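The values are calculated or read from the model by the stated rules, or taken from the named source; none is laboratory data. Here the structure is a predicted model, which is why all the values come from computation and not from measurement. As a convention, Cβ positions derive from the backbone with ideal geometry for all residues, glycine included, and neighbour counts pool all protein chains shown.
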Amino acid sequence: MTSRVQNPIQNRLWLLSFSTSSSSSLCNSVSLKKTRFTNRTRFTNRSLFGKRMSWSSSRRNLYCTCSTSRGSTMDSNTSPSSGRQNAEPFVITTPLYYVNAPPHMGSAYTTVAADAIARFQRLLGNKVVFITGTDEHGEKIATAAAACGCSPAEHCNVVSQAYRTLWRDLGIAYDKFIRTTDPKHEAIVKEFYSKVLANGDIYRADYEGLYCVNCEEYKEEKELLDNNCCPIHLKPCVAKKEDNYFFALSKYEGFLGKMLSENPEFVQPSFRLNEVQSWITSGLRDFSISRASVDWGIEVPNDAKQTIYVWFDALVGYISALLNDGEQPNLQTAISSGWPTSLHLIGKDILRFHAVYWPAMLMSAGLQLPKMVFGHGFLTKDGNKMGKSLGNTLEPTDLVQRFGPDAVRYFFLKEVEFGSDGDYSESRFINTVNAHLANTIGNLLNRTLGLLKKNCQSTLAVDSAIAAEGNTFKDAVEMLVTKAKTHYETLALSSACEAVLEIGNAGNLYMNQQAPWSLFKQGGAASETAAKELVIVLEAMRIIAIVLSPVTPSLCLRIFNQLGYTEDQFDTITWSDAKWGGLKAGQVMAQPKPVFSRIENQIEDGNGGETVKQGSKEKENINQNKSPIEV
Ligand code: MSP
């Protein structure tokens with residue numbers, strides 16, 4: 001019988017004693033004593049990541065420290081929004097991607113989002129560790145390698161490299177790339193396994209069930225569609241019977257339930273919490289963590305006939321990734337470089353592994369729990385989940401080559417509400433990036449610089465702070481910058497983009513209302529006013545370049561260059577530079593050059609080739625929204 005802890009109280013340490021350490025019967029015989037220590041730790045929770053949970057265990061005892069911040073003293077060290085400098089790093093992870101096939105847009109999506117969040121945290125001045133990598137063991141990978149006639153290791157090298165290449169092309173600035181075939185990772189997995197074993201949570205048993213190779217998971221019949229088809233991959237599961245090692249997940253049912261009720265923000269978005277809670281309340285079954293029939297994997301310690309189950313192996317990759325070059329591969333060393341993670345970013349299909357299995361495994365190994373797991377939605381094509389096994393993928397490499405990294409990053413982060421599903425269509429993609437990046441932002445910058453060149457020798461006449469004294473447009477920009485910050489902090493990435501776009505829209509409106517081109521024609525004092533208005537609009541562009549830089553870093557660098565700054569200056573910007581007043585009198589702008597070229601609609605010609613269609617309906621619609629240009 002699993003015991004549940006009643007009476008949640010903040011800042012406590014429970015001592016839970018198990019009545020037996022016999023591994024096979026442990027899960028059925030947990031009794032509980034509790035001891036309370038108040039104020040053992042204090043944490044803060046200003047944004048989403050301010051809570052930490054730690055568990056330590058031994059064969060007979062499980063200690064859990066759960067600390068909530070409500071009512072506790074604010075401690076800037078754990079709040080990413082309030083300056084983490086010299087404090088613990090902000091550690092963010094993507095899933096480690098299967099290498100059965102090259103990356104598709106669905107997997108790139110998580111990584112683009114993680115990169116934007118990591119870049120935002122760096123802008124805040126926080127030390128960031130951004131982890132990504134590849135999950136290379138298991139039946140699925142071995143089968144894929146066999147199908148292309150190469151060894152699993154060769155196959156993994158090729159596909160893992162394809163991920164790295166795509167991350168480079170998409171401008172992903174990761175800090176650590178972990179491959180689960182790395183010998184250092186193997187050492188850490190074995191140590192982790194041994195800790196869980198020593199805690200009495202691994203036992204041996206026969207298992208018979210229906211297995212989905214694509215999910216790498218046994219399924220319960222009630223979850224399946226007709227013909228025992230997996231609801232995610234729409235392929236039949238196969239019957240399997242094996243003698244395996246099991247992890248005593250059921251033992252952690254009560255602890256997981258308690259942890260979630262005390263730390264509901266552990267699962268994000270909040271609407272996914274119910275689902276996780278219902279898995280727990282409907283009863284957790286122990287799961288098999290080894291495979292007798294799969295050679296391509298890490299050997300179970302002391303049993304060369306079995307390999308460790310891919311998920312038990314890959315999840316530990318989040319820890320082994322923290323090892324620095326040249327360090328001894330052991331858990332203690334890895335953990336001291338940043339564990340626990342601030343945020344595991346994943347797709348909703350792998351929430352159970354991250355919000356149930358993984359915390360239980362960590363509790364068993366006596367390690368702290370991650371602060372948050374965020375399950376985003378699916379990218380769909382024609383309403384179906386896009387995926388390798390369904391064969392309806394969207395080629396990210398192709399998208400990047402045709403449209404560039406900024407367009408790809410912006411479209412998916414702006415147009416898909418982070419957490420919900422979102423559909424891709426090429427016409428929507430082109431319309432969005434043309435309207436927002438080429439017109440609202442790019443064209444505003446270009447025409448302002450054109451006017452400045454023609455009338456002011458590309459030189460700013462006055463400090464932007466002085467130019468905007470008492471100016472309501474400046475107030476609006478400041479308000480939108482604050483809004484964008486809050487949205488980034490709460491991972492509302494689409495809303496953050498929207499706030500930046502609103503600055504662009506307000507800038508276009510301001511420009512049209514002030515009409516500096518007419519003022520220049522009047523000459524005298526009117527010309528001086530016109531020169532001042534250009535400084536105001538360019539200052540807004542400078543701010544846009546900072547605030548949008550987590551989403552479209554190369555576009556923002558080009559904007560910075562147009563404003564007369566160097567790449568080094570761009571690389572050292574921080575969020576505080578988004579305060580109004582950065583542009584000073586005398587600053588010389590670069591020669592006006594479009595920072596984002598409009599994408600022309602491409603349509604298939606009768607012979608299957610592609611032709612560029614000029615002046616399409618969609619393009620005309622966008623142009624109607626364009627503000628008048630008079631340079
Ligand atoms: N190897 C595991 C993860 C182990 S993490 C320790 C895995 N790999 S995966 O390559 O199949 O999927 C990786 C991620 O891509 C998952 O978060 C999944 O949700 C995401 N996506 C796969 N297809 C997707 C879409 N169509 N849309 C959005 N994300 C999707 O699972």
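Within segment 468-496, track down each residue that is in a helix (DSSP H, G or I) and charged (D, E, K, R).
If we filter segment 468-496 for residues that are in a helix (DSSP H, G or I), which is where we start, we get 472-489, 493-496.
Selection gives K474, D475, E478, K483, K485, E489.
Looking for whichever is on the phi > 0 side of the Ramachandran plot and either touching a residue at least 60 places away in the same chain (Cβ under 8 Å) or not assigned by TED's automatic domain parsing to the domain that holds L369 (or both) here; the options are G283, G317, G257, G338. Which one fits?
Working: G283 fails: either touching a residue at least 60 places away in the same chain (Cβ under 8 Å) or not assigned by TED's automatic domain parsing to the domain that holds L369 (or both); G317 fails: on the phi > 0 side of the Ramachandran plot; G257 fails: on the phi > 0 side of the Ramachandran plot.
Result of the check over G283, G317, G257, G338: G338.
Within segment 302-309, identify whether any single residue is closer than 27 Å to M386 by Cβ, touching a Gly at 6+ places or on another chain (Cβ under 6 Å) and in a strand (DSSP E or B), and answer yes or no. Spell out how you get there, then give the answer.
To start, the set of residues in segment 302-309 that are closer than 27 Å to M386 by Cβ comprises 309.
After this cut, where a residue has to be touching a Gly at 6+ places or on another chain (Cβ under 6 Å) as well, the list is none.
No, that holds for no residue.
Quick one: would you say E216 is of a type outside the set (A, V, I, L, M) and free of Cβ contacts under 8 Å to residues at least 12 places away in the same chain? Break it down stepwise before answering.
Values: of a type outside the set (A, V, I, L, M): yes; free of Cβ contacts under 8 Å to residues at least 12 places away in the same chain: no.
It is false that E216 is of a type outside the set (A, V, I, L, M) and free of Cβ contacts under 8 Å to residues at least 12 places away in the same chain.
Hey, among A499, A465, which residue is without any contact (Cβ under 8 Å) to a residue 60 or more places away in the chain and either surrounded by fewer than 21 Cβ atoms within 10 Å (Cβ to Cβ) or assigned to a helix (DSSP H, G or I) (or both)? I'd like the intermediate steps shown before the answer.
Numbers: A465 fails: without any contact (Cβ under 8 Å) to a residue 60 or more places away in the chain.
Within the list A499, A465, the selection yields A499.
So is F130 in a strand (DSSP E or B) and either of a type outside the set (D, E) or within 10 Å of the ligand (Cβ to nearest atom) (or both) or not? If you could, list the steps in order and put the result at the bottom.
On the way: in a strand (DSSP E or B): yes; either of a type outside the set (D, E) or within 10 Å of the ligand (Cβ to nearest atom) (or both): yes.
Yes, satisfied.
Limited to segment 135-182, what total is found for residues that are within 14 Å of the ligand (Cβ to nearest atom) and in a helix (DSSP H, G or I)?
Within segment 135-182, residues that are within 14 Å of the ligand (Cβ to nearest atom) and in a helix (DSSP H, G or I) number 11.
Quick one: is Y109 under 28 Å from H487 (Cβ atoms), near the ligand (Cβ under 9 Å from one of its atoms) and under 11 Å from the mean Cα position of the chain (by Cα)? Steps first, answer last, please.
Numbers: under 28 Å from H487 (Cβ atoms): yes; near the ligand (Cβ under 9 Å from one of its atoms): yes; under 11 Å from the mean Cα position of the chain (by Cα): yes.
Yes: the conditions hold for Y109.
Filter segment 275-323 down to residues that are acidic (D, E) and under 27 Å from S261 (Cα atoms), then give me how many there are. First the steps, then the outcome.
We begin by selecting, within segment 275-323, every residue acidic (D, E); these are 275, 286, 295, 299, 303, 313.
Still in the list and also under 27 Å from S261 (Cα atoms): 275, 286.
Adding up the residues that qualify gives 2.
Please indicate, with yes or no, whether at least one residue in segment 403-411 is at pLDDT 95 or above, surrounded by fewer than 20 Cβ atoms within 10 Å (Cβ to Cβ), more than 9 Å from the ligand (Cβ to nearest atom) and under 20 Å from P103 (Cβ atoms).
Of segment 403-411, the ones at pLDDT 95 or above are 403-411.
Then keep just the ones that are surrounded by fewer than 20 Cβ atoms within 10 Å (Cβ to Cβ); that gives 403.
Checking which are more than 9 Å from the ligand (Cβ to nearest atom) leaves us with 403.
Right, trim to under 20 Å from P103 (Cβ atoms) and you get 403.
Yes, that holds for at least one residue.
List the residue pairs whose Cβ atoms are under 6 Å apart, where the first residue sits in segment 222-234 and is touching a residue at least 60 places away in the same chain (Cβ under 8 Å), the second is in a loop (DSSP other than H, G, I, E, B), and the two are 6 or more positions apart or on different chains.
Sorted first by the residue in segment 222-234, then by its partner, the pairs are H233/N214; H233/S389.
Counting only residues that are surrounded by fewer than 16 Cβ atoms within 10 Å (Cβ to Cβ) and free of Cβ contacts under 8 Å to residues at least 60 places away in the same chain, how many does segment 127-146 have?
Kept after step one, since they are surrounded by fewer than 16 Cβ atoms within 10 Å (Cβ to Cβ), are these residues of segment 127-146: 143, 146.
With free of Cβ contacts under 8 Å to residues at least 60 places away in the same chain added as a condition, the list becomes 146.
Counting residues in segment 127-146 that are surrounded by fewer than 16 Cβ atoms within 10 Å (Cβ to Cβ) and free of Cβ contacts under 8 Å to residues at least 60 places away in the same chain gives 1.
Of the residues K388, K348, only one is within 14 Å of the ligand (Cβ to nearest atom), closer than 25 Å to W167 by Cα and at pLDDT below 95; which?
On the way: K348 fails: at pLDDT below 95.
Being within 14 Å of the ligand (Cβ to nearest atom), closer than 25 Å to W167 by Cα and at pLDDT below 95 holds for just one of K388, K348, which is K388.
In this structure, does E327 turn out to be within 15 Å of the ligand (Cβ to nearest atom) and farther than 18 Å from A116 by Cα?
no
Considering only residues that are among the hydroxyl-bearing types (S, T, Y) and within 16 Å of the ligand (Cβ to nearest atom), look in segment 412-451 and name the one that is modelled with the highest pLDDT. Talk me through it step by step, then tell me what you get.
Within segment 412-451, the subset among the hydroxyl-bearing types (S, T, Y) is 420, 424-425, 427, 432, 440, 448.
Next cut, within 16 Å of the ligand (Cβ to nearest atom) only: 420, 424-425.
Values: S420: 96, Y424: 90, S425: 87.
The extreme case among them is S420.
Name the one entry in E469, E478, E426, E415 that is of a type in the set (D, E, K, R), on the phi < 0 side of the Ramachandran plot and under 22 Å from the mean Cα position of the chain (by Cα). Reasoning before the result, please.
Details: E469 fails: under 22 Å from the mean Cα position of the chain (by Cα); E478 fails: under 22 Å from the mean Cα position of the chain (by Cα); E426 fails: under 22 Å from the mean Cα position of the chain (by Cα).
Criteria check complete, one pass: E415.
Which ones in segment 233-280 are assigned to a strand (DSSP E or B) and in contact with a Ser or Thr (Cβ under 6 Å, 6 or more places away or on another chain)?
Let us first name the residues in segment 233-280 that are assigned to a strand (DSSP E or B), namely 236, 238-247, 267-268.
Answer for segment 233-280, where residues must be assigned to a strand (DSSP E or B) and in contact with a Ser or Thr (Cβ under 6 Å, 6 or more places away or on another chain): N244, Y245, F246.
What pairs come up if the first residue lies in segment 345-368 and is at positive phi, the second is part of a helix (DSSP H, G or I) and more than 9 Å from the ligand (Cβ to nearest atom), and their beta carbons are under 9 Å apart, counting only those six or more places apart or on different chains?
As it stands, the answer is G366/K195, since those pairs meet every condition given.
Could you list, in sequence order, all residues of segment 356-385 that are modelled with pLDDT of 95 or more, within 13 Å of the ligand (Cβ to nearest atom) and either within 21 Å of the chain's Cα centre (by Cα) or of a type in the set (S, T, N, Q) (or both)?
Passing the criteria: Y357, W358, P370, V373, F374, G375, H376, G377.
How many of the residues in segment 215-249 are within 16 Å of the ligand (Cβ to nearest atom) and of a type outside the set (A, V, I, L, M, F, W, C)?
Start the filter on segment 215-249 by keeping residues that are within 16 Å of the ligand (Cβ to nearest atom), which leaves 215-219, 230-235, 247.
In the following step, the residues that additionally are of a type outside the set (A, V, I, L, M, F, W, C) were identified as 216-219, 231, 233, 235.
The total comes to 7.
Quick check on G149: is it touching a Ser or Thr at 6+ places or on another chain (Cβ under 6 Å), on the phi > 0 side of the Ramachandran plot, surrounded by fewer than 22 Cβ atoms within 10 Å (Cβ to Cβ) and not acidic (D, E)?
Values: touching a Ser or Thr at 6+ places or on another chain (Cβ under 6 Å): no; on the phi > 0 side of the Ramachandran plot: yes; surrounded by fewer than 22 Cβ atoms within 10 Å (Cβ to Cβ): yes; not acidic (D, E): yes.
Taking the combined requirement at face value, the residue does not satisfy it.
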